[in-house]
Amino acid sequence: MRLNVLIVEDNRSNLMLMEMLVRQVGRCSVLAYPDPGRLLDDLPGIHFDIALVDYQMPGMNGIDLIAAIRADPRFAEKPIVMITADDDADLRLRAIKAGAVEFLTKPVEPIEFKARLANLARLCEVQLKLADQAEWLRGEVEMATLELRRREEEIINRLTLAAGYKDQETANHTLRMARYSALIARELGLSEAFCRDLQLAAPMHDIGKVGIRDDVLLKQGSLTATERAHIDTHTSIGAAILAGSSCDLLQLAATIAVSHHEHWDGSGYPKGLSGEDIPLVGRIAAVADVFDALTSERAYKCAWTVDRAFQHLREQAGRHFDPDCVAAFERCRDRVLAVMLEFPGDGGMRRQVA
Ligand SMILES: [Fe+2]
Ligand SMILES: [Fe+2]
């Protein structure tokens with residue numbers, strides 16, 4: 001490891017002497033400046049590890065120069081040594097306040113100069129190594145965090161896939177519904193990170209259907225009241241599967257699962273919550289889910305047109321749906337159409353991991 005030593009000294013012979021002594025210490029390169037003004041001009045483009053600054057120089061004294069160097073955040077922690085013939089305590093105090101950490105007395109005594117510089121160089125090397133290790137550790141933590149997040153996302157996608165083997169809804173239904181949910185959230189001004197999480201968690205809204213009996217879930221034709229009540233338990237079963245996790249995405253998915261069939265006017269299930277007592281993600285998912293169900297073809301119905309589906313949402317705003325979520329969704333109409341084009345109806349294909 002080579003260190004850059006900056007020397008600012010107007011006396012040419014002193015400058016040459018110090019330059020020679022620095023080179024004798026070894027493992028150091030020298031940046032020599034006889035003029036403090038020139039150094040300040042060049043400062044943005046240079047780098048140093050240790051600075052030796054004379055006090056008495058024409059144009060600018062060493063204390064003002066040290067303060068100007070310290071103003072650059074890159075040099076806020078670098079050791080700066082003041083070289084002075086003056087042992088005035090007040091001057092030394094002002095130099096320390098400006099950022100000097102050490103003093104060397106003029107005339108420079110070669111043995112002392114080299115010993116002090118070698119000590120500073122060792123200190124710098126240790127600091128640089130520690131900084132390297134801290135940087136390496138930061139990188140490792142960042143990579144481990146990304147890997148953790150990637151695994152969480154994979155688990156979620158695989159859970160969604162598992163649920164798809166039970167539920168007749170199609171792969172593209174969950175993809176579209178999740179994207180519509182993210183569009184609404186973005187339009188409502190929620191953060192990009194939250195919108196992304198919502199898009200990942202929303203496909204699990206019906207995961208509780210894995211707990212519904214096949215003869216009820218797959219029944220063609222109308223359901224009895226008992227069967228309907230059994231199907232409705234998919235919300236609380238979904239919450240039971242997903243709740244209590246320390247993973248934020250699973251917690252979000254649990255909230256969506258338990259609240260996506262609540263209605264704004266309190267007529268929904270499982271808790272009959274109303275208005276803003278329903279978690280926002282549940283209100284958002286309700287609009288996205290119903291819109292996609294209406295505009296999709298099912299065994300028992302044709303796909304509604306986009307206009308008719310939006311009309312239905314408007315009619316149900318304030319009853320089934322949160323009016324703000326419906327309005328936000330309508331403002332996204334062009335992006336909704338783009339999602340429909342990107343993920344067209346897939347005629348009953350099983351879900352795939354997205
Ligand atoms: Fe559902
Ligand atoms: Fe759905």
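The values are calculated or read from the model by the stated rules, or taken from the named source; none is laboratory data. Note that this is a predicted model, so its numbers are computed, not measured. With ideal geometry, Cβ positions are generated from the backbone for all residues, glycine too; neighbour counts draw on all protein chains shown.
Within segment 218-240, residues that are among the basic types (Lys, Arg) reach partners that are surrounded by 12 or more Cβ atoms within 10 Å (Cβ to Cβ) with beta carbons closer than 9 Å, at six or more positions or on different chains, in the pairs Lys219/Glu227; Arg228/Val216. Within segment 4-44, take every residue that is touching a residue at least 12 places away in the same chain (Cβ under 8 Å) and basic (Lys, Arg) and give me the one that is nearest to Asp64 (Cα to Cα). Going through the qualifying residues, I end up with Arg12.
Among the residues of segment 313-321, at least one is in contact (Cβ under 8 Å) with a residue 24 or more places away in the chain, within 16 Å of ligand 1 (Cβ to nearest atom), within 19 Å of Arg176 (Cα to Cα) and aromatic (Phe, Trp, Tyr).
Criterion applied to Leu120, Leu148, Leu130, Leu137 was being touching a residue at least 40 places away in the same chain (Cβ under 8 Å) and either farther than 30 Å from Phe48 by Cβ or aliphatic (A, V, I, L, M) (or both), and the one residue passing it is Leu120. Scanning segment 204-230 for residues that are among the aliphatic types (A, V, I, L, M) and either under 24 Å from Thr255 (Cβ atoms) or more than 16 Å from ligand 1 (Cβ to nearest atom) (or both), we see that the one that is surrounded by the fewest Cβ atoms within 10 Å (Cβ to Cβ) is Ala225. Taken residue by residue, segment 140-160 has at least one member that is within 16 Å of ligand 1 (Cβ to nearest atom) and either surrounded by 15 or more Cβ atoms within 10 Å (Cβ to Cβ) or assigned by TED's automatic domain parsing to the domain that holds Arg283 (or both). For Gly345, the test of being in contact (Cβ under 8 Å) with a residue 24 or more places away in the chain and under 28 Å from the mean Cα position of the chain (by Cα) is failed. Go through the residues of segment 243-251 one by one and say whether even a single one is farther than 24 Å from Ala299 by Cβ, at pLDDT 95 or above, among the small types (Gly, Ala, Ser) and in the same structural domain as Lys301 (by TED's automatic domain parsing). No. Of everything in segment 266-316 that is assigned to a loop (DSSP other than H, G, I, E, B), of a type in the set (A, V, I, L, M) and within 16 Å of ligand 2 (Cβ to nearest atom), the residue that is surrounded by the most Cβ atoms within 10 Å (Cβ to Cβ) is Ala303. Only residues that are more than 14 Å from ligand 1 (Cβ to nearest atom) and under 20 Å from Glu315 (Cα atoms) were counted across segment 251-271, and they come to 4. Within segment 83-101, does at least one residue satisfy the condition of being basic (Lys, Arg), within 40 Å of the chain's Cα centre (by Cα) and over 24 Å from Glu125 (Cα atoms)? Within segment 83-101 (the criterion being basic (Lys, Arg), within 40 Å of the chain's Cα centre (by Cα) and over 24 Å from Glu125 (Cα atoms)), the answer is yes, since at least one residue qualifies. Look through Leu175, Leu198 and report the one residue that is buried (at least 20 other Cβ atoms within 10 Å of the Cβ), within 16 Å of ligand 2 (Cβ to nearest atom) and either modelled with pLDDT of 95 or more or acidic (Asp, Glu) (or both). Going through Leu175, Leu198 in turn, the sole match is Leu198.
The strands (runs of 3 or more DSSP E) falling completely within segment 48-157 include none with 2 or more residues that are among the hydroxyl-bearing types (Ser, Thr, Tyr).
A single member of Ala131, Ala100 is in contact with a helix residue (DSSP H, G or I) (Cβ under 7 Å, 6 or more places away or on another chain) and over 19 Å from Arg23 (Cβ atoms), and it is Ala100.
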